[in-house]
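Readers should treat all values here as calculations from the given coordinates under stated rules, not as data from a laboratory. Worth saying up front: this structure is predicted, and the values here are computed from it rather than measured. No Cβ is skipped: glycine too gets one built from the backbone with ideal geometry, and neighbour counts run over all protein chains shown.
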Amino acid sequence: MMDAALVVDRQSWRANGPSLGNRSIPQETAVALTYNGGTYAVMMATPRDLRDFAVGFSLSEGVVNSVADIESLDLVRLGDGVELRMWLGGPKADRLQERRRHIAGPTGCGLCGIESIAEAMRPAAIVGHGRHFSSEEIMAAMRDLPSRQKLNIETRAVHAAAFWDATRGIVALREDVGRHNALDKLAGALARSSAAASEGIILLTSRVSVEMVQKSAAIGAPVMVSVSAPTALAVRMADAAGITLVAVARADGFEVFTHPHRIL
């Protein structure tokens with residue numbers, strides 16, 4: 001599998017003039033997700049943690065309900081990208097055949113290929129009550145996030161999605177050039193490890209749009225925290241899903257937009 005970053009030559013311009021050097025930049029490759037021999041989506045993504053991406057994408061798209069629905073998963077390196085070949089059995093395969101669509105997904109695209117307004121605006125899953133978190137815990141989680149973003153430290157060009165719980169801190173973190181991809185990779189990692197999403201917090205380095213809320217709800221996390229602000233639709237969706245949406249999280253504080261009762 002190709003590396004997640006590539007060192008390239010570049011010319012740098014500063015106050016004292018130009019200089020030659022190099023910079024590490026993230027890889028971006030076409031990733032095809034296929035089910036039972038048919039292509040469902042082609043996304044541009046960072047070629048790392050692709051098994052997590054396959055599982056997380058399948059769950060957030062509603063193709064499967066659990067990891068067990070995927071009978072096999074193979075990573076096939078092609079000349080221009082990577083194919084994630086999955087096989088589903090029984091009713092899942094029949095249902096997929098009815099709703100298969102082809103998606104060409106540019107980097108960061110979360111709603112590419114959606115065929116109707118109703119599909120784009122589908123209600124998010126309703127999360128459980130979950131547990132309460134103190135403001136100190138939220139601040140500690142966000143402080144711990146930057147140092148864990150290894151690929152971003154190297155390239156300064158990727159998003160991250162992480163899962164934090166009060167006992168172990170950050171237990172999973174995934175990075176990608178696309179913010180939706182990063183969250184799908186995290187969803188896959190949590191599903192594959194059977195983590196209890198209801199006991200922790202989703203941490204994001206990107207703005208909170210409606211599809212990020214939908215994906216977090218599918219994971220089952222009752223609290224999501226981001227460094228950036230949410231959109232108005234994301235706030236409405238989080239409110240309807242029962243999610244505590246925390247955003248604009250900085251070193252000196254944060255803002256709570258929905259269901260503040262979980263924050264002590």
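What the table below lists for this structure:
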| read-out | value |
| --- | --- |
| Simple spin-label estimate for Arg168 and Val7 in nanometres, 7 Å along Cα-Cβ | 3.4 nm |
| Principal axis box of the stretch 202-248, alpha-carbon based, largest edge first, Å | 20, 19, 15 |
| Additional length obtainable on full extension of the chain from Arg23 to Lys150, 0.36 nm per residue less Cα span | 44.2 nm |
| Spin-label zone in the stretch 219-260 - amide nitrogen under 19 Å from a point set 7 Å from the Cα of Ser193 along the C-beta vector | 219-225 |
| Solution diffusion estimate, µm²/s, Stokes-Einstein, the chain, Kirkwood Rh from C-alpha pairs, 37 °C, viscosity 0.692 mPa s | 172 µm²/s |
| His129, His259, His159, His180 arranged by Cβ crowding within 10 Å, fewest neighbours leading | His129, His259, His159, His180 |
| Convex hull projection area averaged over all views, the stretch 135-262, Cα basis, nm² | 6.9 nm² |
| Cα gyration tensor shape for the stretch 1-73, rounded if a/c is under 1.5, else prolate or oblate | prolate |
| Fewest-first ranking of Leu245, Leu145, using other Cβ atoms within 10 Å as the exposure measure | Leu145, Leu245 |
| Surrounding net charge for Gly188, when Lys and Arg each add one and Asp and Glu each subtract one, Cβ distance under 10 Å | +1 |
| Fewest-first sequence of Phe57, Phe163, Phe254, Phe133 by Cβ atoms within 10 Å of each Cβ | Phe254, Phe133, Phe163, Phe57 |
